[in-house]
Amino acid sequence: MNTILPTSLVGSYPQPSWLIDRERLGSQMPPRVRARELWRIDPQWLEEAQDDATLVAVRDQERAGLDVITDGEMRRESYSNRFATAIRGVDIDNPGTTIGRTGEPTPVPRISGPLQREGSVQVRDVEFLRAATDRTIKMTVPGPFTMAQQAQNEHYEREEDLAFAFADVVREELIDLFAAGADIVQLDEPWMEARPDAARRYGLETLQRALDGVQGTKSLHICFGYPLFVPEHPTGYHFLTELAEAPVDQISIETAQSDLDVSVLSGLPGKTVILGVIALHTPAVETPETVAERIGRALPHKPVQELVAAPDCGMKYLPREAAYAKLESLVAGARAVRAAHADAA
């Protein structure tokens, strides 16, 4: 792996059309409850098909030249629902509702009892990924704060108690994922940005609880939402520099579509920043020069040794050919910046 300015997906990569109904996937909000109707494969063959799709995603990442490999989240209908609905205490047959980032009500898991992990959700995913590549691997897990916000709480007295309960479940999972071979585990917490007031009240405490005693490289992703559903992205975060106190090694943010004021990176001393420099609101492929320029914007505020180059967010809604071409530009742009800062090595 390149130790200076490595490249990585944030998490997801486009799922093949033979695996999932991509037209249907893109025509509805990311599901918070199970959406088995999206899969094109008979349930008895689905796991095998998802394995094959994972190998496709891994080989694309390797061929493009990425340093850090994910499983592309091929087994998920959305980034969060597979994990959230695998926990005891979640009533998956009688969903609740909450208001999503677009302001519209959406079905969500209904919390009917104490949360408890019945067994590992993603250990097999890590084991499969570890066997598929000799590169550094990263596994993504929905964050406890976000899962709590994406639920209807009918059991816990306070909303923060629900977040803490999710944190306990996530902590158990993270320990198992590292033991199974993960090099990096990333918590996806986009709703810390969507609900910044609640995040300020108990977001850091939730993270501390989820990561207490967890050994390994820990990352946290925070973003403005998928551009397919949230097209207008602001130029600044409502909740970001607060994460300077979070017990994570890496913080994943977007800067490409939003044209983020990257001076905010100065407020994250000592944190490696996974810098989103590939925009996802268009299939148009950035040139390597554009990627290098976007990385260069961050350098006055972060040393190159504390940057990872990545897309803004998950790539699952892009056409595969566009996503792959964007990864090639990502790698080439990072290579150019790396060469210009060779003395940093």
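Is it the case that the stretch 205-218 has a residue that's of a type outside the set (A, V, I, L, M, F, W, C) and open to solvent by less than 10 Å² (accessible area, probe 1.4 Å)? Yes: the stretch 205-218 contains one or more residues that are of a type outside the set (A, V, I, L, M, F, W, C) and open to solvent by less than 10 Å² (accessible area, probe 1.4 Å). Taking every residue in the stretch 26-38 that is closer than 19 Å to Thr146 by Cβ and pairing it with any residue that is loosely packed, with under 13 Cβ neighbours inside 10 Å, at least 6 positions away or on another chain, the pairs with Cβ-Cβ distances below 9 Å are Met29/Thr102; Met29/Glu104; Ala35/Arg24; Ala35/Gln28. Please go through the stretch 124-172 and give me each residue that is within 30 Å of Ala64 (Cα to Cα) and in a helix (DSSP H, G or I), ordered by number. Answer for the stretch 124-172, where residues must be within 30 Å of Ala64 (Cα to Cα) and in a helix (DSSP H, G or I): Arg124, Asp125, Val126, Glu127, Phe128, Leu129, Arg130, Ala131, Ala132.
Would you be able to say whether some residue in the stretch 109-123 is open to solvent by less than 50 Å² (accessible area, probe 1.4 Å), part of a helix (DSSP H, G or I), in contact with a helix residue (DSSP H, G or I) (Cβ under 8 Å, 6 or more places away or on another chain) and under 25 Å from Ile253 (Cβ atoms)? No, the stretch 109-123 contains no residue that is open to solvent by less than 50 Å² (accessible area, probe 1.4 Å), part of a helix (DSSP H, G or I), in contact with a helix residue (DSSP H, G or I) (Cβ under 8 Å, 6 or more places away or on another chain) and under 25 Å from Ile253 (Cβ atoms).
The single condition from (1) modelled with pLDDT of 95 or more; (2) open to solvent by 10 Å² or more (accessible area, probe 1.4 Å); (3) among the acidic types (Asp, Glu) that Asp312 fails is (2). Residues that are among the hydrophobic types (A, V, I, L, M, F, W, C), farther than 17 Å from Thr146 by Cβ and free of Cβ contacts under 8 Å to residues at least 60 places away in the same chain within the stretch 222-271 comprise Ala244, Ala256, Leu260, Val262, Val264, Leu265, Leu268, listed in sequence order.
Please tell me if Ala334 is open to solvent by less than 10 Å² (accessible area, probe 1.4 Å), more than 24 Å from Ser80 (Cβ to Cβ) and touching a residue at least 60 places away in the same chain (Cβ under 8 Å). Criteria met by Ala334. For the stretch 202-239, the candidate set comprises residues that are assigned to a loop (DSSP other than H, G, I, E, B) and more than 27 Å from Pro31 (Cβ to Cβ); within that set, the residue that is modelled with the lowest pLDDT is Thr235.
Tell me, yes or no, whether the stretch 14-22 has at least one residue that is free of Cβ contacts under 8 Å to residues at least 40 places away in the same chain, assigned to a helix (DSSP H, G or I), aromatic (Phe, Trp, Tyr) and open to solvent by 10 Å² or more (accessible area, probe 1.4 Å). Checked the stretch 14-22: no residue is free of Cβ contacts under 8 Å to residues at least 40 places away in the same chain, assigned to a helix (DSSP H, G or I), aromatic (Phe, Trp, Tyr) and open to solvent by 10 Å² or more (accessible area, probe 1.4 Å). Could you run through the stretch 149-163 and say how many residues are open to solvent by less than 10 Å² (accessible area, probe 1.4 Å) and under 12 Å from Ile87 (Cβ atoms)? Summing the residues that are open to solvent by less than 10 Å² (accessible area, probe 1.4 Å) and under 12 Å from Ile87 (Cβ atoms) in the stretch 149-163 gives 1.
If you go through the stretch 23-42 and pick out every residue that is part of a helix (DSSP H, G or I) and out of contact with any helix residue (DSSP H, G or I) (no Cβ under 7 Å at 6 or more places or on another chain), you end up with 4. Considering (1) among the hydrophobic types (A, V, I, L, M, F, W, C); (2) more than 19 Å from Tyr237 (Cα to Cα); (3) open to solvent by 10 Å² or more (accessible area, probe 1.4 Å); (4) in contact (Cβ under 8 Å) with a residue 40 or more places away in the chain, the lone condition that Val291 does not fulfil carries the number (3). When the stretch 234-284 is filtered for residues that are surrounded by fewer than 17 Cβ atoms within 10 Å (Cβ to Cβ), of a type in the set (Val, Ile, Thr) and under 21 Å from Ala64 (Cα atoms), only Thr282 remains. Exactly one residue out of Gly65, Gly26, Gly72, Gly100 is out of contact with any Lys or Arg (no Cβ under 6 Å at 6 or more places or on another chain) and open to solvent by less than 10 Å² (accessible area, probe 1.4 Å): that is Gly72. Tell me, please, whether a residue that is in a helix (DSSP H, G or I), under 19 Å from the mean Cα position of the chain (by Cα), at negative phi and in contact (Cβ under 8 Å) with a residue 12 or more places away in the chain can be found in the stretch 178-191. Yes; the residues of the stretch 178-191 include at least one that is in a helix (DSSP H, G or I), under 19 Å from the mean Cα position of the chain (by Cα), at negative phi and in contact (Cβ under 8 Å) with a residue 12 or more places away in the chain.
Only a single item in (1) farther than 14 Å from Leu207 by Cα; (2) acidic (Asp, Glu); (3) under 22 Å from the mean Cα position of the chain (by Cα) is not met by Glu118, and it is number (3). When the stretch 275-323 is limited to residues that are of a type in the set (A, V, I, L, M, F, W, C), within 19 Å of Asp60 (Cβ to Cβ) and in a strand (DSSP E or B), the one that is nearest to the chain's Cα centre (by Cα) turns out to be Ala310.
The values are calculated or read from the model by the stated rules, or taken from the named source; none is laboratory data. Bear in mind the structure is a predicted one, so any value in this text is a computation, not a measurement. Note that each Cβ is placed from the backbone with ideal geometry, even for glycine, and that neighbours are counted across all protein chains shown. For accessibility, only protein heavy atoms count, side chains too; no ligands or nucleic acids. Shrake-Rupley method; radii C 1.70, N 1.55, O 1.52, S 1.80 Å.
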